[in-house]
Structures are given as C-alpha cells and as structure tokens.
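What follows is a set of notes on a single structure, which appears directly below.
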Amino acid sequence: MSKKKTILVTGSNGLLGQKIIYALKDIQGVFCISTSRGENRMRIQEGYVYESLDISDETEVQRIIEKYKPDAVIHTAALTNVDACESRREEAKRLNVDAVAFLIAACKKYNTHLVHLSTDFVFDGEKGPYVESDIPRPLSYYAETKFQAENLLLESGLSSTIIRTIIIYGVVDDNSRSNVVLWAVNSLRDKKTITVINDQFRSPTLAEDLADACIHAALNQSQGIYHVSGRELMCILDIVKITADYFQLDSSYIKSVSSAELNQPARRPAVTGFIIEKAERQLDFRPHSFLDGLALVKKQLLLVAH
C-alpha cells in the first residue's frame, strides 16, 4: 500500500485556505495539516490536524515543517490588503517576502514541494489578459512583495508551483472574510450606498475552483507558473451589478466611480484577466462560470445563516 501524502496548508482560516482543507480532508491517501495564526476558525474540525503558525516567525516555520516533513506545502497566507501594504511596508515585506524565504529554507531540508499563491497585480494592466510568460511590472508595494516572493522561489531551485490568481470570491464558515461578492450582497441587503470602480477589469475566481488547482499542483508536484482564474473578464462595476441582479437586490445603491475619482492609496492595474489554457491542460482546471459561482455562494450563505 502506498504511503499517505502529507500536505500542509498555511492561512487555513482564510477563504482559500478553508476551501483547500475541506477538499483535502476527504481525499483518500492524504494526511492534511491546517495552519493559521491563532485559533482554528473552521466549523468542521475533524479529518485534519490543526497547528497555530505565525509564518513571519522563522523558528516556528522550521519547527512545524520539521515536525510533519510534508510532501507539499500550499502557501495561502499573506497580507493581501493592497492599500494596507502601501502604508505598512515592513509588515507586508515580513508576511509576503520573508515568510516565503523561511518556507523555502524549511522545505529544502525535507524535499517538500511548495505551492505558492501570487496575483494578477504583478502586471501593470496595460495589455491584459496575460499569459504566464508576460513580463511582470508591479504598480503597488503589495504587487512588488508578491513579485519578489515569486523570484525567490524561481531562483531557489526548490520544486515549486506559482499560482497567480485574480479576485477570489466565496463564503467562509464564520462569514468573517469579505470579498467583492459578499461585500456587494451584504451592503445592498443593508441598503447601503456602495462606490464601485468602473474602469478596472478583472476575472473573478471562485474559491473552490482555485482550491482544486492548488491541490492538483500539490499532489502532482507541478512545476512553474500557472494562471488560474475565472474565464470571464468583466468591469468590477459589472461584477457588482450582476451580483445584485442575481441576489435580487436594489442596484440603485451602486454608485459608479473612476479610479481617478476613488484615488486609492495603492495603484491598481486597469485590465488584467488571464489566459488559462496552461492550467486547463496541466492542472485539469475547469472553472465555474460567474453565474454558476454565484449560485454556489447563494447556497452556502443559506447554510452559514443556520
């Protein structure tokens, strides 16, 4: 009988982390270790082991990797608030760059494959949608940290997968994490006016779809960079309007603004979107359409409410 594969996940309290744990714990032949800062916030706590882990603490990272000697690590933990990264640069570097260096060093000792999550924001948005070989040009400090982490991995010689993705949406157990879809639903249900950008284009990515790609990469030790997102490239304003229509909410509360008017602290690329053919071919990636993704979110919101 073949030995169980051990997979460790960082950031397991986050949206993507939770989806990966829930999918992994039911896969035959996989032993799953879930790690995050503080307590385990997942509703189901059986079928995997939980360890509290601060990824910015080198000693802790080494200790946990040494304890479990995983076959693969799926690294989802990061500081992803783009404007916060702009103002809290030391923290952003510690969580988004230094932590990756710590993981690389620990994984090297045990021949552990590392699946690392990156972002469409490594590009400047001048010529989306992008393929994996397009040249990154980060516009914000967040994007810069994610690009630096990619380079650390590519130069390390470690067996690794870099998965770049685009705005992830979905539902977490305690409904504590927001994303563009939940923000729109919750705000419009409360009849709050929301300001939505009308000149940035993205491909929203269902968390379950992204989790599947991460797991495939971990189990098969896929090498190199992959672009993983939804297929549809849409204006963020349209993403919110489609969500409002699907949930039968009043879209008169949606106020359209330009990037210049919104004037966020960090610059964002205007048009990203990905060509996902490589992920379809090599990671067996089959994303839901945005409407099918919204149907799943609707079902899950009903479950979380009970």
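Structure data summary
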{"read-out": "Förster-model FRET efficiency, 41 Å R0, SER251 and ARG286, C-beta, rounded to 0.05", "value": "0.85"}
{"read-out": "Globularity index of the range 1-66, i.e. its alpha-carbon radius of gyration over 2.2 N^0.38 Å", "value": "1.10"}
{"read-out": "Taking N as its residue count, the alpha carbon Rg of the range 105-157 over 2.2 N^0.38 Å", "value": "1.30"}
{"read-out": "Rounded to 5, percent antiparallel among DSSP beta bridges of the range 135-254", "value": "20 percent"}
{"read-out": "Euclidean distance of C-alpha centroids, the range 250-306 and the range 177-206, integer Å", "value": "9 Å"}
{"read-out": "Fewest-first ranking of LYS255, LYS108, using other Cβ atoms within 10 Å as the exposure measure", "value": "LYS255, LYS108"}
{"read-out": "Computed over the range 204-257, Cα set: Rg, Dmax in Å", "value": "16.1, 48"}
{"read-out": "Between helix 99-109 and the chain: long-axis angle, C-alpha atoms, 0 to 90°, nearest 10", "value": "30 degrees"}
{"read-out": "Within the range 204-260: Cβ-based charge dipole about Cα centre, in debye rounded to nearest 20 (Lys, Arg +1; Asp, Glu -1)", "value": "180 debye"}
{"read-out": "Listed residues SER229, VAL30, PHE201: farthest to the positive end of the dipole of the chain (Cβ charges)", "value": "VAL30"}
{"read-out": "Projected-area average for the range 1-148 over all orientations - Cα convex hull basis, square nanometres", "value": "10.1 nm²"}
{"read-out": "Compactness index (Cα Rg / 2.2 N^0.38 Å), the range 178-267", "value": "1.31"}
{"read-out": "Within-10-Å neighbourhood charge of PHE31 [Cβ basis; K, R +1; D, E -1]", "value": "+3"}
{"read-out": "Estimated Rh, the range 91-246: Kirkwood, alpha-carbon pairs, angstrom", "value": "17.0 Å"}
{"read-out": "Whole-number percent relative contact order across the range 174-266, with pairs defined as alpha carbons under 8 Å at least 6 apart", "value": "45 percent"}
{"read-out": "Relative contact order of the chain, pairs being alpha-carbon contacts under 8 Å that are 6 or more residues apart, as %", "value": "19 percent"}
{"read-out": "Nearest-20 debye value, the range 158-265 charge dipole, Cβ charges on Lys, Arg, Asp, Glu", "value": "200 debye"}
{"read-out": "Taking LEU139, LEU53 and counting other C-beta atoms within 10 Å, the order from fewest to most", "value": "LEU139, LEU53"}
{"read-out": "Largest to smallest principal axis extent of the C-alpha atoms in the range 221-292, angstrom", "value": "46, 32, 16"}
{"read-out": "Pairs beyond 28 Å (Cα-Cα), from LYS69/LYS298; LYS5/LYS109; LYS5/LYS298", "value": "LYS69/LYS298; LYS5/LYS298"}
{"read-out": "Nearest-20 debye value, the chain charge dipole, Cβ charges on Lys, Arg, Asp, Glu", "value": "400 debye"}
{"read-out": "Order by protection proxy (mean Cβ within 10 Å, highest first), peptides 159-168, 271-280, 22-31", "value": "159-168, 271-280, 22-31"}
{"read-out": "Fewest-first sequence of LEU291, LEU8, LEU79 by Cβ atoms within 10 Å of each Cβ", "value": "LEU291, LEU79, LEU8"}
{"read-out": "Positive-end residue of ILE65, TYR48, ALA77, charge dipole of the range 41-81 with Cβ unit charges", "value": "TYR48"}
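All of the numbers you see were taken from the coordinates with simple rules; none came from a lab. None of these values were measured; they are calculated from a predicted model. So basically every Cβ, Gly included, is an ideal-geometry build from the backbone, and we count neighbours across all protein chains shown.
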